[in-house]
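One structure below.
The values are calculated or read from the model by the stated rules, or taken from the named source; none is laboratory data. Note that the structure is predicted; figures quoted are calculated from it, not measured. Cβ atoms come from the backbone with ideal geometry, glycine included; neighbour counts cover every protein chain shown.
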Amino acid sequence: MVKNKLPALLLVLFSLVIYFFVIWAEPFAQFARGLAGYSTALFFIAFFLYALSFLAERRTGLPIGLVITLAMCGLTLLDKWTSGFSDNMLIGGLLPYKDAHAYYLGTQMLLNGSPIASTGLQAAGRPLFPGFLAIFMLFTQANLQWALALVFACAGTGLYLAARRVFLDYGIVAGALLATFLFLYIRPFIGFTLSESAGFIFGCLAFLLLWNAAQRKNIADLAIGMIVLTLAVSIRTGAFFMLPTLILWSGWLFRGQKRFSFWAAGVSALASVAAFAVMNVLYPRLVVEPGGVTFGNFAYALYGQVHGGTGWHYAIKVMETHEPGPILQAAFQFFLKHPLSFFIGTAKAYRDFFFSNFGLFEFMTNSREGLIDTILWFAKLLLLGIGIFQAGRRWINSPVHALLLAGLAGVFLSIPFMPPIDGGSRFYASSVVFLFALAVMGIPTSPRQPERPADAVRGVSPLAGLSLLIVLCVLSLPVILASANRQPAKFSALVCPDDFEPFMVQVNRGSYIDLAQAGDCGLAPAICLSDFIENGTEPTTDDFYQELISQASLHDDTMRAALVVNWLNGKHYYLLGSPAQLNLSGPGQVFTGCATYIRTRNQNIYIIQAIQSP
């Protein structure tokens, strides 16, 4: 490795330049299409590029893999922004929809100085992610495009650092395979305002800290790693049972001449419990209206499990309510009468996790590839099995293998309460790095044994210090918003005829889409209507998309669409008008006006009839 860090720093900066260049480089759009979906070819191309980058890094010491990672993440984002892709989470490659729009609206409420609404928004049950996204929105003047670009730059960096750690200790093939797995996992989430991105980022960061703690026996890395992991499994509800299994691992790690270190386990437990209380008890009370229930969706999942693994929708269908309290109570009552039903649901969850195309390797399946896809799926599962076997043989003398086994145990215990039928592999965004690292341990290799002092290392490492700073930034959001007094000024609303509804909204740059019938379009926010229609997965089944297409066709040139909160009634709408009507002269522009209200099956729409900017 080169001793001079300046070339490495310059290459990091170059990586970021490449990333931000790529996401706005419309001529690369056709090339970016290759990252739009999973294929066996994509798997081998990514693996080959990472293997070459780590080979070059071994000789030069330069983080070439970071250039590759950010370039691929940038191309994936570019594909979203040029294709007009739409599904049940995304509109025109940019605007959030359904679950994603709930998180974005929660972020908007926080930025406007208001608590997240306790009803009607999924963000109330997971307020950490709106707070996380709000940090990026603050730095970009509420520009959604730039905020998303920063979020996925962080995801790519975390991905690379985790893979690089494995490469340094276990070789090129192991590092390249882990990087490939991680990239292919996060790829489907790139461009979405979904909590999986944050869970993935903090999961990778926790992995690095705990790996360092295992190698260096650094108690500070251990404590801060547990704090970061608690944030990871809280910001994207995940494998909470990892926390107790890793607490036990920490007691084993620092045992010295004893069988178990209660002191180290106590430090680990205290860090996790304190972090959990702040993140999931105190934080929601500061940013959510009274009445919100953190992790309320857990009641739906549990209800489905005690009824034999029927899925979370079954609770709402049978109970005819979205209130978590009654659903949770009914689940416990049913379990007491029919306990066997829960274990049937548990068996289905384990089956789906390991042996279905919506389980652990969901992101690496392509039914169109038939036999090849089946062979590769079997190979991945076999690799995981070999990795578990190898870790089982070595864990006594290898703290890293013991760490990965403890992580696996935590995930394994969590599966019955996070069944794949409810969310596929999404639940495991914060823990997949531990599982994939265990899988690559199945590759024959001669691990480099890092030097470890005999006694625990004292002090806070630079990585641990940076990680703690990031956690504090996320958790300090309520203080930042309160001190900034960001509640927007109130303006007089227009007086509207009886058949129109008055509105007062705020629209930000990079937070809308223009559906253009012709002319200069093809890169968000300017989306060609033809691309929007061609690359949508929902227009034949979702009347909201049908209405959007209908309204865009009525405009002679371009229709502008934005997701907004009407300050006059606190409700959210998709506001449709022309670029002339929603002409932005600066960030956070306020508009008042009158609109025709349209209700589709899932959404509220405002069609602008009159508008002015105070």
Report summary line: (1) closer than 28 Å to Leu110 by Cα; (2) assigned to a loop (DSSP other than H, G, I, E, B); (3) not basic (Lys, Arg) all hold for Ala518 apart from (1)
Query - All helices (runs of 4 or more DSSP H) inside the stretch 119-219 with 3 or more residues being surrounded by fewer than 24 Cβ atoms within 10 Å (Cβ to Cβ), modelled with pLDDT of 95 or more and of a type outside the set (A, V, I, L, M) - result: 144-170
Requested in this report: Quick one: Phe532 ticks every box in (1) over 26 Å from the mean Cα position of the chain (by Cα); (2) within 24 Å of Leu75 (Cα to Cα); (3) assigned to a helix (DSSP H, G or I) except a single one, so which number is it?
Outcome: (1)
Query raised in the report: Filtering the stretch 548-559 down to residues that are under 17 Å from Leu90 (Cβ atoms) and in contact (Cβ under 8 Å) with a residue 24 or more places away in the chain, which residue is surrounded by the most Cβ atoms within 10 Å (Cβ to Cβ)?
Result: Leu548
Query raised in the report: Only one of these conditions is not met by Thr107: (1) under 20 Å from Thr237 (Cβ atoms); (2) modelled with pLDDT of 95 or more. Which number is it?
Result: (2)
Query raised in the report: Restricting attention to the stretch 444-499, which residues are modelled with pLDDT of 85 or more, surrounded by 15 or more Cβ atoms within 10 Å (Cβ to Cβ) and either at positive phi or not hydrophobic (A, V, I, L, M, F, W, C) (or both)?
Result: Ser467
Query - Hits in the stretch 97-118 (condition: in contact with an Asp or Glu (Cβ under 8 Å, 6 or more places away or on another chain) and β-branched (Val, Ile, Thr)) - result: Ile116
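Every residue, every condition in (1) part of a loop (DSSP other than H, G, I, E, B); (2) under 31 Å from the mean Cα position of the chain (by Cα); (3) small (Gly, Ala, Ser), yes or no:
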| position | (1), (2), (3) |
| --- | --- |
| Trp567 | yes, yes, no |
| Leu576 | no, yes, no |
| Leu582 | yes, yes, no |
| Gly586 | yes, yes, yes |
| Gly593 | no, no, yes |
| Asn602 | yes, yes, no |
| Tyr606 | no, yes, no |
| Gln609 | no, no, no |
Query raised in the report: Given Pro290, Pro284, which one is closer than 22 Å to Pro127 by Cβ and under 25 Å from the mean Cα position of the chain (by Cα)?
Result: Pro284
